[in-house]
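K.L.:
Just passing along the structure, written as structure tokens.
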Amino acid sequence: MGRISGKKDLTDNDKRAIVVGRQNGLTMMTLAGMFGVTEACISQFLKRWKAQDGSTNSQRTGRPRVTDRNDDRNILKTSRTNPRLTAPAIRREVFLNSPSPPSVSTVKRRLNAAGIMGRRPVKKPLISEKNRVARVKWAKEHLNWTRQDWNKILWSDESKFLLFGSDGIQ
């Protein structure tokens, strides 16, 4: 993850090369030019490196992750097996016997990090070929009806019925 304000993060290889270069007598100005950073950046890194007894890795800050790689893999596998499952349902299924399961927000973050976002299901008409032909036939038969013909029809109230699935967000 990059830093804010346009500063460049040094890779582990860069850090090792800076230490070796400094031990071989290169100046901080030369090292800064080689890696495209400021002298202050080189100086601060070397101070931290000395304070950590030669370790190039500093300890991560922030709260430790609740899920490990295995949990993350299981969350993604469950979602890909059944894409219509919601985040709370995935949480229930993956962490069924877990004493302290992660929050629903954590499950959503893991899915989002893998490129799986919440979305509405595609709406498509469930009309068979036979039904389609029958509709066209009916429409052609009633094509030349007049207003008086249509006034003889008794129109009832309309109600919404979902035969398959839900129209909510999944």
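K.L.:
May I ask you to verify whether Ala89 is among the small types (Gly, Ala, Ser) and closer than 29 Å to Gly168 by Cβ?
P.N.:
yes
K.L.:
So which residues in the range 16-38 are closer than 17 Å to Trp49 by Cα, exposed (fewer than 13 other Cβ atoms within 10 Å of the Cβ) and among the hydrophobic types (A, V, I, L, M, F, W, C)?
P.N.:
Passing the criteria: only Val20.
K.L.:
Output the number of residues of the range 89-101 satisfying the condition of being over 14 Å from Met117 (Cα atoms) and surrounded by 10 or more Cβ atoms within 10 Å (Cβ to Cβ).
P.N.:
Final tally of qualifying residues: 8.
K.L.:
Given (1) part of a loop (DSSP other than H, G, I, E, B); (2) at pLDDT 90 or above, identify the lone condition not met by Pro88.
P.N.:
Only one criterion in (1) part of a loop (DSSP other than H, G, I, E, B); (2) at pLDDT 90 or above is unmet by Pro88, namely (1).
K.L.:
Still on this structure: Restrict the check to the range 57-65 and report whether at least one residue is of a type outside the set (Phe, Trp, Tyr), modelled with pLDDT under 85 and over 30 Å from Pro102 (Cβ atoms).
P.N.:
No, the conditions are met nowhere in the range 57-65.
K.L.:
Among the residues of the range 63-79, how many are touching a residue at least 12 places away in the same chain (Cβ under 8 Å) and surrounded by fewer than 16 Cβ atoms within 10 Å (Cβ to Cβ)?
P.N.:
1
The values are calculated or read from the model by the stated rules, or taken from the named source; none is laboratory data. Note that the structure is a prediction, hence the values are computed from the model and not measured. Methodologically, a virtual Cβ is constructed for each residue, glycine included, from the backbone with ideal geometry; neighbour enumeration extends over all protein chains shown.
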